[in-house]
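Colleague: Let me begin by handing over the structure; questions about it come next.
The values are calculated or read from the model by the stated rules, or taken from the named source; none is laboratory data. Bear in mind the structure is a predicted one, so any value in this text is a computation, not a measurement. Don't worry about glycine lacking a Cβ; one is built from the backbone with ideal geometry, like all the others, and counts go over all protein chains shown. For the accessible areas, the whole protein counts, side chains as well, though only heavy atoms, and no ligand, DNA or RNA atoms are used. Shrake-Rupley method; radii C 1.70, N 1.55, O 1.52, S 1.80 Å.
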Amino acid sequence: MKITVQDLIHHLTAHVELRENTVDQLISGSMEQLVTGVIVTFMPSQHVIEQAIHQGANLIIAHEPPFYNHHSHTDWLTEDPVYQTKRSLIEKAGIAIYRCHDSIHQIQPDGITEGLIQALGWSSYVERRKPEADILFFNDHMTVQQIAEHIKRTLGVEYVRIAGSLEMTCKRAAVLVGFRGNGNLAIPLLHNEQLDLIIAGEGFEWETPEYIRDAVKQGKQKALIMMGHAESEAAGMKLLAARLDHAFPGLPVHFVGEQPVYKVL
């Protein structure tokens, strides 16, 4: 059975209604291109593109764009040697890159959050799902440190960042993936959902972390764990790879991850 890029994109978007200004788009390649194999990833980095070539895959489905800005604009990069080398590699190899960002967040439940929750083994803790977060109830009342160590161990990450007391016991928490750790999302959740802990990907450092600092100084039991953007969302794309592998059994589909972008000294 011949499968085109268009067939894959239709499958990914069939159950959602994308807004007009969606960032989901085919960034390289053509809709009519026959797919020899699929690489699913969080970020289409140089390493991931090289792995696609090595594995004979000519479609990369990525959550984030290859060229370093949210809307995939490249006019500001035309003379940049890193951009030129990467673009040339993609074009020479004939690789199609499709950004799957809005659609996977719009399915119910949110595909990225669901992937993280499953990877952490926390499905039984989910009390309620909101568009921006999953609300958890830890019936075994773990401490912030125990939760952080569990995240590191199960996801294989070297570090997380924490604001608040490591010894604080947590009953209620919210998980917010990607860039949802900003104050306008995280702070109201803490109050409205009576949370002890926010677990997020990333956000502006002068918003939610500073709120937690003030709350602790006031004697309130609040804490924050920042995992990192990629670390919070890669599991969702890995889950997508498994779902595509099931939906297209004759097509080679593989998840390719990356090492954390930062080193801790």
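Colleague: Restricting to DSSP loop positions (anything but H, G, I, E, B) with no more than 14 other Cβ atoms inside 10 Å of their own Cβ, which chymotrypsin sites (Phe, Trp or Tyr not before Pro) remain in the range 206-265?
Modeller: Answer by residue number: W206, Y262.
Colleague: A further question follows. Most fluctuating residue of Q51, Q84, Q221 in a GNM of the chain with Cα springs under 10 Å: which is it?
Modeller: Q84
Colleague: Please give the FRET efficiency for E167 paired with A247, using the beta carbon to beta carbon distance and R0 = 35 Å, rounded to the nearest 0.05.
Modeller: Details: r = 45 Å, r/R0 = 1.30.
For E167 and A247, the calculated efficiency is 0.15.
Colleague: Take the alpha-carbon centre of the range 138-166, take the same for the range 41-55, and report the distance between them in whole Å.
Modeller: 30 Å
Colleague: A further question on this structure: May I ask for the angle, rounded to the nearest 10°, between helix 144-155 and the longest principal axis of the chain, with both axes built from Cα atoms and the value confined to 0 to 90°?
Modeller: The two axes meet at around 20 degrees.
Colleague: Apply the Karplus parameterisation 6.51 cos²θ - 1.76 cosθ + 1.60, with θ equal to phi minus 60°, to every residue of the range 236-242 and state each ³J(HN,Hα) to the nearest whole Hz, in sequence, with x for glycine and proline.
Modeller: Values, residue by residue: x, 6, 5, 5, 4, 4, 5 Hz.
Colleague: Quick one: accessible area per residue over the range 134-215, 1.4 Å probe, rounded to a whole number of Å²? Working shown, then result.
Modeller: Values: 3870 Å² over 82 residues.
That works out to 47 Å² per residue.
Colleague: How far is it, in nm, from the label point at E50 to the one at E149 when both lie 7 Å from their Cα along the line to the Cβ?
Modeller: About 3.7 nm separates the two model spin labels.
Colleague: If you don't mind, there's one more thing I want to ask. Taking θ = phi - 60°, what integer Hz values does the Karplus form 6.51 cos²θ - 1.76 cosθ + 1.60 yield along the range 5-16, in sequence order, with x for Gly and Pro?
Modeller: 4, 4, 4, 5, 5, 4, 4, 5, 10, 4, 10, 10
Colleague: Under the rule of at least 5 residues apart or a separate chain, name every residue whose amide H is placed under 5 Å from the amide H of I97.
Modeller: The list, which skips near neighbours in sequence, is I27, S28, G29, I60.
Colleague: What are the residues whose amide H is under 5 Å from the amide H of V38, where those residues sit 5 or more places off or on another chain and H is modelled from the backbone?
Modeller: When sequence neighbours closer than 5 places are left aside, the close amide H contacts are V253, H254.
Colleague: Can I ask one more? Please work out which option in (1) 1.26; (2) 1.00; (3) 0.94 gives Rg/Rh (Cα atoms, Kirkwood Rh) calculated from these coordinates, and answer with its label.
Modeller: Given (1) 1.26; (2) 1.00; (3) 0.94, the calculated one carries the label (2).
Colleague: Enumerate the amide H contacts of E127 below 5 Å, restricted to partners 5 or more residues apart or on another chain; note that Pro and chain-start residues carry no placed amide H.
Modeller: It is I135, L136, F137, by chain and number.
Colleague: Treating cross-link reach as a plain straight distance, find the lysines whose alpha-carbon is under 26 Å from the alpha-carbon of K222, omitting any fewer than eight places away in the same chain.
Modeller: Counting by Cα, and skipping residues close in sequence, K222 has these lysines nearby: K130, K152, K171.
Colleague: How many percent of the accessible area of the chain is carbon or sulfur, using a 1.4 Å probe?
Modeller: 52 percent
Colleague: Here is a follow-up. I need the GluC sites (Glu not before Pro) found in the range 178-224, filtered to DSSP loop residues with at most 11 other beta carbons within 10 Å of theirs. Spell out each step's value before the answer.
Modeller: On the way: sites: E193, E202, E205, E207, E210; in loops: E193, E202, E205, E207.
Passing sites in the range 178-224 do not exist.
Colleague: May I ask you to derive the relative contact order of the chain, considering only C-alpha pairs under 8 Å and at least 6 residues apart, and to give it as an integer percent?
Modeller: 20 percent
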